[in-house]
Amino acid sequence: AQSVTQPDIHITVSEGASLELRCNYSYGATPYLFWYVQSPGQGLQLLLKYFSGDTLVQGIKGFEAEFKRSQSSFNLRKPSVHWSDAAEYFCAVVRGGGGNKLTFGTGTQLKVEL
Amino acid sequence: DGGITQSPKYLFRKEGQNVTLSCEQNLNHDAMYWYRQDPGQGLRLIYYSQIVNDFQKGDIAEGYSVSREKKESFPLTVTSAQKNPTAFYLCASSIAGTGGIYGYTFGSGTRLTVV
């Protein structure tokens with residue numbers, strides 16, 4: 001079954017530093033992959049998505065992600081983190097069986113130090 | 001603006017009671033979903049619906065029930081059979097029949113606490 005793994009539960013970075021959040025997927029064919037962000041007590045907001053074409057995708061809020069088939073990865077990056085980026089980040093993949101169902105990773109909590 | 005509205009934002013339930021969480025969307029999406037979120041476990045699929053009057057069980061449907069009488073509405077009932085209902089519940093919608101390439105739009109969630 002399709003799955004995603006986010007190996008980092010918590011990450012702390014200083015404001016202005018670069019950020020990379022890791023996501024590894026398990027899927028036989030080309031996956032549809034997503035990154036979502038969640039502020040405390042809120043729903044999830046779509047940051048970016050990949051389903052074909054250019055392996056480097058740009059999203060909102062200055063985020064980007066790179067799809068690497070050879071490494072089964074879809075890591076999220078940002079060149080310079082702002083304090084407002086502190087949130088929880090989820091990687092997700094469309095899984096088979098119809099219904100547009102998404103499988104989510106367990107999330108990475110980002111803390112930004114001023 | 002189009003979106004998904006979940007109500008209430010906070011809900012308290014006594015043991016043995018059924019409670020219903022509301023989810024309404026005005027995005028004209030055919031597909032709707034309910035997820036449960038627990039700390040450190042990500043989001044787990046409870047039920048989903050691709051069309052009015054039809055819905056399917058997700059991964060953790062036991063103790064929950066849904067209905068889909070209108071395209072705009074997909075209420076979730078947490079029954080007394082759900083042994084550990086305290087969690088954050090998220091409703092989402094998407095365009096059906098697209099293979100999932102557009103992802104989901106989420107509501108802002110309902111936090112359910114058993115007291």
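The values are calculated or read from the model by the stated rules, or taken from the named source; none is laboratory data. Please read these numbers as outputs of a predicted model, since none were measured by experiment. Cβ coordinates were reconstructed from backbone atoms using ideal geometry, including for glycine residues, and neighbour counts include every protein chain displayed. Please note that ligands, DNA and RNA were not included when accessible areas were found on the heavy atoms of the full protein model with its side chains. Shrake-Rupley method; radii C 1.70, N 1.55, O 1.52, S 1.80 Å.
Among the residues of the stretch B:53-70, write down those that are open to solvent by less than 50 Å² (accessible area, probe 1.4 Å) and out of contact with any Phe, Trp or Tyr (no Cβ under 7 Å at 6 or more places or on another chain). Before the answer, list the steps.
From the stretch B:53-70, those open to solvent by less than 50 Å² (accessible area, probe 1.4 Å) are B:58, B:60-61, B:63-68; that's our starting set.
The answer is B:ILE60, B:GLY63, B:SER65, B:SER67.
The single condition among (1) more than 11 Å from every other protein chain (Cβ to nearest Cβ); (2) assigned to a loop (DSSP other than H, G, I, E, B); (3) closer than 23 Å to A:SER39 by Cβ; (4) open to solvent by less than 20 Å² (accessible area, probe 1.4 Å) that B:GLY2 does not satisfy is (4). Highlighted here are the strands (runs of 3 or more DSSP E) found entirely within the stretch B:21-107 that include at least 1 residues which are among the small types (Gly, Ala, Ser), more than 20 Å from A:GLY107 (Cα to Cα) and within 12 Å of chain A (Cβ to nearest Cβ): B:31-37, B:43-51, B:87-94. For the stretch A:39-74, a residue qualifies if it is away from every other protein chain (no Cβ under 14 Å), open to solvent by less than 30 Å² (accessible area, probe 1.4 Å) and of a type outside the set (A, V, I, L, M, F, W, C), and exactly one does: A:SER73. Of the residues that sit in the stretch A:81-106 and are within 15 Å of A:GLN45 (Cβ to Cβ), hydrophobic (A, V, I, L, M, F, W, C) and more than 7 Å from chain B (Cβ to nearest Cβ), which one is surrounded by the fewest Cβ atoms within 10 Å (Cβ to Cβ)? By that ranking, first place goes to A:ALA86.
Candidates B:SER80, B:SER73: the one that is among the hydroxyl-bearing types (Ser, Thr, Tyr), open to solvent by less than 20 Å² (accessible area, probe 1.4 Å) and touching an Asp or Glu at 6+ places or on another chain (Cβ under 9 Å) is B:SER73. Just one of the listed residues (B:ALA31, B:ALA87) is modelled with pLDDT of 95 or more, small (Gly, Ala, Ser) and open to solvent by less than 10 Å² (accessible area, probe 1.4 Å), and it is B:ALA87.
Every residue in the stretch A:65-99 that is more than 17 Å from A:TYR25 (Cβ to Cβ) and not aromatic (Phe, Trp, Tyr), please.
Hits for the stretch A:65-99 are A:LYS78, A:PRO79, A:SER80, A:VAL81, A:HIS82, A:SER84, A:ASP85, A:ALA86, A:ALA87, A:GLU88, A:GLY98, A:GLY99.
How many residues does the stretch B:95-108 hold that are surrounded by fewer than 22 Cβ atoms within 10 Å (Cβ to Cβ) and farther than 17 Å from B:LYS71 by Cα? Lay out the reasoning, then the answer.
In the first step, residues of the stretch B:95-108 are kept if they are surrounded by fewer than 22 Cβ atoms within 10 Å (Cβ to Cβ); the result is B:95-99, B:101-102, B:105, B:108.
Those still in the list that are farther than 17 Å from B:LYS71 by Cα too: B:98-99, B:101-102, B:108.
So the answer is 5.
Would you pick out the residues in the stretch A:75-97 that are assigned to a strand (DSSP E or B) and closer than 13 Å to A:GLY59 by Cβ? Outline the logic, then answer.
Of the residues in the stretch A:75-97, the ones assigned to a strand (DSSP E or B) are A:75-78, A:87-94.
Once the filter is applied, which keeps residues that are assigned to a strand (DSSP E or B) and closer than 13 Å to A:GLY59 by Cβ, the stretch A:75-97 yields A:ASN75, A:LEU76, A:ARG77, A:LYS78, A:TYR89, A:CYS91.
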